[in-house]
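Reviewing the structure listed below.
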Amino acid sequence: MTNETAGAEPGQSIPPDAAVLALQSVYLKDCSYESPNGPRVDGNWNPQISLDLQTGSTALGPDVREVVLTVTVSAKIGDVTIFLVEI
């Protein structure tokens with residue numbers, strides 16, 4: 001084992017009152033996939049891909065927070081949605 005703190009440069013010390021981040025659990029709250037027009041797409045398609053990331057957090061205790069990351073990916077050709085994924 002080592003006495004060095006992860007993230008510290010060799011010879012550099014971290015103050016004892018420095019904030020510490022520790023993941024306690026990771027889980028999937030919700031997931032959905034829709035492909036309303038997937039079967040109608042031919043091999044020569046050039047979709048517009050959209051990626052949306054959103055974050056939020058809630059205090060659960062004095063030093064505990066729940067952080068939620070929402071990811072939405074969609075592929076469209078014009079106004080027609082080929083697929084939509086939400087996690």
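Any read-out appearing in this document is the output of simple, stated calculations on the displayed coordinates, not a laboratory observation. What you see is a predicted model, and the numbers here were worked out from it, not measured in a lab. Backbone-built Cβ (ideal geometry, glycine too); neighbour counts: all protein chains shown.
Sort out which residues of the range 21-44 are among the hydrophobic types (A, V, I, L, M, F, W, C) and farther than 17 Å from Val85 by Cβ, and write them in order of number.
Just the residues of the range 21-44 that are among the hydrophobic types (A, V, I, L, M, F, W, C), to begin with: 21-23, 26, 28, 31, 41.
Listed by number, the residues that qualify are Leu21, Ala22, Leu23, Val26.
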Self-check item: Only listed residue being under 30 Å from Leu21 (Cα atoms) and of a type outside the set (Asp, Glu), chosen from Val41, Val67
Solution: Val67
Quiz item: For the range 64-87, how many residues are surrounded by 13 or more Cβ atoms within 10 Å (Cβ to Cβ) and either free of Cβ contacts under 8 Å to residues at least 12 places away in the same chain or outside any strand (DSSP E or B) (or both)?
Solution: 1
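Starting from residues that are small (Gly, Ala, Ser) and over 16 Å from the mean Cα position of the chain (by Cα), keep the ones in the range 28-63 and report whichever is surrounded by the fewest Cβ atoms within 10 Å (Cβ to Cβ).
Just the residues of the range 28-63 that are small (Gly, Ala, Ser), to begin with: 32, 35, 38, 43, 50, 56-57, 59, 61.
Next cut, over 16 Å from the mean Cα position of the chain (by Cα) only: 35, 38, 43, 59, 61.
Values: Ser35: 13, Gly38: 11, Gly43: 4, Ala59: 9, Gly61: 7.
The extreme case among them is Gly43.
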Practice problem: Filter the range 30-87 down to residues that are of a type outside the set (A, V, I, L, M, F, W, C) and out of contact with any strand residue (DSSP E or B) (no Cβ under 8 Å at 6 or more places or on another chain), then give me how many there are. | Solution: 10
